[in-house]
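The values are calculated or read from the model by the stated rules, or taken from the named source; none is laboratory data. Just so it is clear, the model here is predicted, and its values are computed rather than measured. All Cβ positions, glycine included, derive from the backbone under ideal geometry; neighbour counts span all protein chains shown. In case anyone asks, the SASA skips ligands and DNA or RNA and just uses the protein heavy atoms, side chains included. Shrake-Rupley method; radii C 1.70, N 1.55, O 1.52, S 1.80 Å.
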Amino acid sequence: VPGELCLAGGGVARGYLGRAELTAEKFVPDPFSGEAGARLYRTGDRVRRRADGELEFLGRVDAQVKIRGFRIEPGEVEAVLLEQGGVGEVAVVVREDAPGRKRLVAYVVPAEGAEVSAAELRARLGERLPEHMVPAAFVLLEKLPLNANGKLDRRALPAPERGSGEQGYAAPRTRAEAILCEVWSEVLRLERVGIHDGFFELGGDSILSIQVVSRARQRGLKLTPRQLFERPTVAGLAEAAEWADAAGGAALQGPATGEAPLTPVQRRFFAQEIPARHHFNQALLLLPRERLDAGALGRSVAALEGHHDALRLRFRQGEDGAWTQLHAGSSARVPLTVLDLSALPDDAEALEAAAERVQRSLELERGPLLRVALFERGGGRPQRLLLVIHHLVVDAVSWRVLLEDLESAYAQLSRGEPAALPAKTTSWKAWAEALAGHAGSGALAEEAAFWAEQARVEVPTLPLDDAAAENTVARARGVSVRLSEEETGALLREVPQAYRTRVDEVLLCALAGALARWTGERRVRIDLEGHGREEETVGGVDLSRTVGWFTTLYPVVLELPESGGAGAALKAVKEQLRSVPGKGIGYGLLRYLGGGEPATADAEVSFNYLGQLDQAVSSGGFFTFAPESAGAAVDPRGERPHHLEVSGSVQAGRLELRIGYAEGMHRRETMERFAGWYAEELRALIAHCISPAAGGYTPSDFPLAGLDQPALDALLGSERGVEDVYPLTPLQE
């Protein structure tokens, strides 16, 4: 176990002459001597005791560096390099040749007459050191540059050239690794991905993990989102993946028919007082990158509606007031409208008005629940494409599937080929039936106590500027703040490594901090939206390409610690979020599908992280997001379910935080001040997590260990690179 070497006894001085601060740092009380006033001298040397009792020098404490959240002692790497045959001199340094990209680089002078290669050295070090301590690049030199004093001149060390053994790219060795590298490159918008790259370090998240699973499946490789979280490198994931067996376990490829049980989020929709249920949509207004042919587009939309069963759902209300959903057959009428706005000199307002008419045209009982409008604008102005789908049958993850399939079908039909879409995964109907069966199995009984405890917690109410003001959709307004590209890059790729957090956990910690500043209390209740595709809930399903409204909505209480700063707050919020059973899916099952309704308490704030929207529109495809408004997606007479609706998303490489509120209930200046607090809290968390002082673990990282936070802090401190902690059981005789 590495540690700092301390000296004690009669030879230890009293301190440094005239340097009180340094004396207090280096000459510390000696708790082992039993003598009042005795001191230990902290040498700053890192050592470890070997099995033979000798102390082995590992390097200097003050020479430690931090890369990707891991503390690294370059001297340790140098020592291992010098043990390799053929190596004469070495120097291991941290370089930042590109802003924000720190990497470990090894400079090697071969021994006289010896030949060594970067690949060979990497392989040897990989056997001796953990992955994060293996240099990203190896540079072979004839001699190390020295300064006038004969010491290493670090500034004279050359920057590595591409191909000098950079770990940033290690080529795939197997077919599975090649497929995964290709898929990651597509999903993460990267030129290339190496087998040792980490998915979340490259900016991946839980929503993008579903896309990875879907695209890998299309190439014959079977894996799950959970495996991606457990093995976040290409090399690790390839070992766990299986080749899909077309003959076994495949989803039914024919159209789903008949009724399907309503899911919890659908039942919640019908339980609310909504004045115009047919006008509750999600919509995208797109800018085609090339001119679209209306005929091929119409056939593409028809292929989409025929392939994805949820788009053919219809909803009927019985005489008893209960709603049911069932699948309609494929319609001969394609839900595509071509609107000509070319006669209008400035069609922005006309486009929005026309889009809003499309938004109001859906019908729950007779259909369609999908409408597509192609706007011709004339005068050389590019077309606009509007896609409107009722929220009952679509969610954010579904849009990614639908846009990919629309582009694929259009490309095939434009070439004169039939539209052949990828194989179906578990149908919406099968998922709804599985949820209903799980809710009635009694498996959720233990969760009821958790939700009851959450409901009993008292939290402060939000301050209102006008408590009598209406909270309707018509009065909805919003304010936004955006991070820079550099801040967003750090949030996505560096911040999660400090405490093994997800991006949404960091955003929620900052939100809790901003709410605490507003209310003066450390405790808040927030309704969280999740993507809901928790395949482990029922098992035996694959939802990676299934279209539907899977969203989960559940309340959590977050309480910030009284002290400890940003690190303590982030660890506390992380543990509170991970204590939620089953990622919250059981709350809706208990409340709407039986098994005993959980105790509830209303939350005034909702939160939803939508992920990286850039990846929703594929690079090099037909579409990008249009700047104009797609019209009102929801009837303005409806009641807003929350006072504040907070959402976060990444677009064009920048995180945008949007806070929705009701005009009158809150003034704009109040919301702008709150948004500023939110941004301040988030930037403080980012700055802390990328600082050398950050780092640590929480009990959920090591569930087998059975340790609480103080015990874990005492054991590991802020060290990085620990694979696992688990109890040692005594040998049984």
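Things worth noting here:
- Filtered residues of region 414-433 (kept if open to solvent by 30 Å² or more (accessible area, probe 1.4 Å) and part of a helix (DSSP H, G or I)): SER414, LYS429, ALA430, GLU433
- The criterion of at least 1 residues that are open to solvent by 80 Å² or more (accessible area, probe 1.4 Å), hydrophobic (A, V, I, L, M, F, W, C) and in contact with a Cys (Cβ under 6 Å, 6 or more places away or on another chain) is met by none of the strands (runs of 3 or more DSSP E) falling completely within region 1-54.
- Scanning region 513-526 for residues that are buried (at least 20 other Cβ atoms within 10 Å of the Cβ) and in contact (Cβ under 8 Å) with a residue 60 or more places away in the chain yields GLY513, ALA514, LEU515, VAL524, ARG525, ILE526.
- Restricting attention to region 178-195, the residues that are part of a helix (DSSP H, G or I) and either open to solvent by less than 10 Å² (accessible area, probe 1.4 Å) or closer than 19 Å to ARG493 by Cα (or both) total 8.
- All told, VAL547 meets the bar of being surrounded by 20 or more Cβ atoms within 10 Å (Cβ to Cβ) and more than 19 Å from the chain's Cα centre (by Cα).
- Any hit, region 268-276, residues being hydrophobic (A, V, I, L, M, F, W, C), open to solvent by less than 10 Å² (accessible area, probe 1.4 Å), more than 30 Å from ARG500 (Cβ to Cβ) and touching a residue at least 60 places away in the same chain (Cβ under 8 Å): yes
- Check on SER408, of a type in the set (Gly, Ala, Ser), buried (at least 18 other Cβ atoms within 10 Å of the Cβ), assigned to a helix (DSSP H, G or I) and free of Cβ contacts under 8 Å to residues at least 60 places away in the same chain: yes
- Options SER544, SER606; residue that is among the hydroxyl-bearing types (Ser, Thr, Tyr) and closer than 30 Å to ALA694 by Cα: SER606
- Of everything in region 621-645 that is more than 15 Å from LEU285 (Cα to Cα) and assigned to a strand (DSSP E or B), the residue that is least open to solvent (accessible area, probe 1.4 Å) is LEU644.
- Residue list for region 156-165, restricted to those being modelled with pLDDT under 80 and open to solvent by 40 Å² or more (accessible area, probe 1.4 Å): GLU161, ARG162, GLY163
- In region 252-264, the condition of being without any contact (Cβ under 8 Å) to a residue 60 or more places away in the chain, surrounded by fewer than 16 Cβ atoms within 10 Å (Cβ to Cβ) and within 19 Å of ALA430 (Cα to Cα) is met by at least one residue.
- Any hit, region 337-346, residues being assigned to a helix (DSSP H, G or I), at negative phi and open to solvent by 30 Å² or more (accessible area, probe 1.4 Å): no
- Subset of region 563-604 [among the β-branched types (Val, Ile, Thr) and surrounded by 20 or more Cβ atoms within 10 Å (Cβ to Cβ)]: VAL573, VAL580, ILE585
- Residue within region 294-305 that is under 23 Å from GLY530 (Cα atoms), open to solvent by 10 Å² or more (accessible area, probe 1.4 Å), under 32 Å from the mean Cα position of the chain (by Cα) and not β-branched (Val, Ile, Thr) present: no
- Region 308-330, residues that are part of a loop (DSSP other than H, G, I, E, B), free of Cβ contacts under 8 Å to residues at least 60 places away in the same chain and open to solvent by less than 60 Å² (accessible area, probe 1.4 Å): GLY318, GLY321, ALA322, ALA328
- Residue match in region 228-242 (condition: open to solvent by less than 70 Å² (accessible area, probe 1.4 Å) and within 30 Å of HIS390 (Cβ to Cβ)): no
- Applying the condition of being more than 21 Å from the chain's Cα centre (by Cα) and surrounded by 16 or more Cβ atoms within 10 Å (Cβ to Cβ) to region 693-710 and asking which residue is farthest from ALA572 (Cα to Cα) yields ALA705.
- Of all residues making up region 669-698, the number that are over 22 Å from ARG522 (Cα atoms) and not hydrophobic (A, V, I, L, M, F, W, C): 6
- Taking the criterion of being open to solvent by 10 Å² or more (accessible area, probe 1.4 Å), touching a residue at least 40 places away in the same chain (Cβ under 8 Å) and either touching an Asp or Glu at 6+ places or on another chain (Cβ under 9 Å) or acidic (Asp, Glu) (or both), the residues of region 196-218 that qualify are HIS196, GLU201, ASP205, SER206, GLN211, ARG217.
- Leading residue by the ranking (nearest to the chain's Cα centre (by Cα)) among those in region 646-692 that are more than 22 Å from GLU485 (Cβ to Cβ) and open to solvent by 70 Å² or more (accessible area, probe 1.4 Å): PRO692
- Of all residues in region 467-506, those satisfying the criterion of being of a type in the set (Asp, Glu), open to solvent by 60 Å² or more (accessible area, probe 1.4 Å) and in a helix (DSSP H, G or I) are GLU485, GLU486.
- Residues in region 379-396 that are more than 20 Å from ALA296 (Cα to Cα) and open to solvent by 10 Å² or more (accessible area, probe 1.4 Å): GLY379, GLY380, ARG381, HIS391, ALA396.
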